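One structure is given here, and the rest of the page talks about it.
Taken together, the values in this text are just the output of simple stated rules run on the coordinates, not laboratory data. Bear in mind the structure is a predicted one, so any value in this text is a computation, not a measurement. As a convention, Cβ positions derive from the backbone with ideal geometry for all residues, glycine included, and neighbour counts pool all protein chains shown.
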Amino acid sequence: MRNSHDNGTKGSLNRRSFLGLTGTVAVATLAGGLSVSAAADRTTQAHVNGRRKLGLLEVSSVGLGVQNMSRSYETLVPYRPEMINIIRAAHDHGVTFFDTAEAYGPLECERILGESIAPFRNKVAITSKFGWNIDPETGRFQMGLNSKPDHIKKAVEGMLKRLRTDRIDLLYQHRVDPQVPIEDVAGAVKDLISEGKILHWGLCEMGPTTLRRAHAALPVTAVQNEYSMLWRGPEEIIIPLCQELGIGFVPWSPLGVQFLTGAIDENTRFAPGDIRGMEPRFSQENVKHNIELVKLAKQWADRKNAVPGQIALAWLMAQKPWIVPIPGTTQMAHMIQNVGATSVAFTSDEIKELNASVSSIQIQGKRLPDGILALSGVEAPAKK
């Protein structure tokens, strides 16, 4: 499977649309699969099965993305106490890997995560991300990127306060800054590591040359890119490069922004501010074709006594032993389902069969609007 027209050009984009990129569907049900309540009943005892290594960092085999717990798609403000309950319940179910960023909120999702994990901080690994031109004190978003070393250090000080911790287990550059050599970024992170404030570092959606340069300057623990049955672009260059360099891989949007759960079809209409309404792959015309992938996930869900989203997550984990998906959600039942995906296993013959079926479906439409695609695959400038 390959997406058509996957190279973007620069364009304008509302910053709220970008920050809402990886949200959840507020009122979605698992169309064509089990109901939310039935799935919750069925997986109440679900617990993460196994642990994985991202470089030298050991985490649960599936994590939890906390990116939409302050606001989902600009239309819903989740109930904060329930978000805290979900994060704590995730830990009770064996999740030890929690992902957020200063851009989520901005700043607010870090506060939610920090409050949630306070009782068990030393038993989990947390991530955050820098790189946007955000005031670390006020959260004021000034359009553009900023990975200047002094800004990185100020950003991390703010993160530590909001996360209520003295260190961040894995710090990512959220997007490559085309004005700052990656060696300078690595130097700032190295200083923070020497101070004990950062334990590991990684990059998101970078160009392959930048990843090599970053790893040469300071060993990279993990890469975070979009990757799922719906978008397999990283298989071409980035995942083989991670394997070569011994770098872990963390897929964001592993459920294809809920498409792979069966929550979206050709009759779906997105609310204003929902980024999916701007994604060509979710136009009515393209969804009519792309829905074949959901049908495939449902077929395998029936075979494995699971739900489609669990098949999508289990498929990712079956690709490489150092891939750790981080599905995000604002619903307890969905979190429990996602944890249950770690118990879905494929034989070698089954994964070959499933891979062949996934590859046979040609996804129509770009994965993102042009303005966002222009921020992916960027190469940092050369060090002078």
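With the crude spin-label approximation of a point 7 Å out along Cα→Cβ, what separation in nm comes out for Val378 versus Glu266? It works out to 3.8 nm between the two label points.
Determine the relative contact order of region 156-307: mean sequence separation of Cα pairs under 8 Å and six or more apart, normalised by residue count, in whole percent.
Values: 170 pairs, mean separation 23.6, N = 152.
16 percent.
In a fully extended conformation the segment linking Lys295 and Lys352 would gain 18.7 nm over its present Cα-Cα distance, using 0.36 nm per residue. With P(r) over Cα pairs in 20 Å bins from 0, in percent defined as stated, name the option among [x] 30, 62, 7; [y] 16, 23, 19, 19, 15, 8, 1; [z] 17, 25, 21, 17, 10, 6, 2, 1, 0 computed from the structure displayed. Computed from these coordinates, P(r) over Cα pairs in 20 Å bins from 0, in percent corresponds to label [x].
If packing is taken as the average number of other Cβ atoms within 10 Å across a peptide's residues, how do 238-246, 303-311, 251-259 rank, most packed first? Each step should come with its number before you reach the end.
Numbers: 238-246: 16.7, 303-311: 23.0, 251-259: 26.6.
For the peptides 238-246, 303-311, 251-259, the packing ranking is 251-259, 303-311, 238-246.
Each of the peptides 203-213, 356-366 was scored by the mean count of other Cβ atoms within 10 Å over its residues; in descending order, highest first, they stand as 203-213, 356-366. Full extension of the segment from Val77 to Gln362, taken as 0.36 nm per residue of separation minus the current Cα-Cα distance, would add 99.0 nm.
For the chain, what's the relative contact order in percent, using C-alpha pairs closer than 8 Å and at least 6 residues apart?
Details: 806 pairs, mean separation 105.0, N = 384.
Once divided by the residue count of the chain, the mean separation gives 27 percent.
If R₀ is 25 angstrom, what is the calculated FRET efficiency for the pair Gln179 and Glu157, using the beta carbon separation as r and rounding to 0.05? About 0.70, to the nearest 0.05.
Note that region 46-61 has calculated 3J(HN,Hα) couplings of 4, 9, 4, 9, x, 10, 9, 10, 9, x, 9, 8, 9, 9, 5, 6 Hz, one per residue in order, obtained from phi through the Karplus relation 6.51 cos²θ - 1.76 cosθ + 1.60 (θ = phi - 60°); glycine and proline are x.
The simple spin-label model puts a point 7 Å past each Cα toward its Cβ; for Lys190 and Phe120 those points are separated by 3.7 nm.
Which of the helices in the chain, when you take each full DSSP H run, stretch at least 15 Å along the axis at their Cα atoms and have an average Kyte-Doolittle score of -1.0 or higher?
Details: long enough: 80-92 (18 Å, -0.41); 149-163 (21 Å, -0.56); 182-194 (18 Å, 0.71); 284-304 (30 Å, -1.17); 308-319 (17 Å, 0.79); 348-359 (16 Å, -0.50).
Span-like helices here: 80-92, 149-163, 182-194, 308-319, 348-359.
For the peptides 123-132, 150-159, 77-86, 334-343, the ranking by mean Cβ contacts within 10 Å, running from highest to lowest, is 334-343, 123-132, 150-159, 77-86.
Over 25 Å between Cα atoms, which of Lys153/Lys320; Lys190/Lys383; Lys154/Lys366; Lys53/Lys298 qualify? Walk me through the numbers on the way to the answer.
Values: Lys153/Lys320 33 Å; Lys190/Lys383 17 Å; Lys154/Lys366 36 Å; Lys53/Lys298 30 Å.
Table pairs above 25 Å Cα-Cα are Lys153/Lys320; Lys154/Lys366; Lys53/Lys298.
Where both bridge residues fall in the chain, DSSP classifies roughly 25% of the beta bridges as antiparallel.
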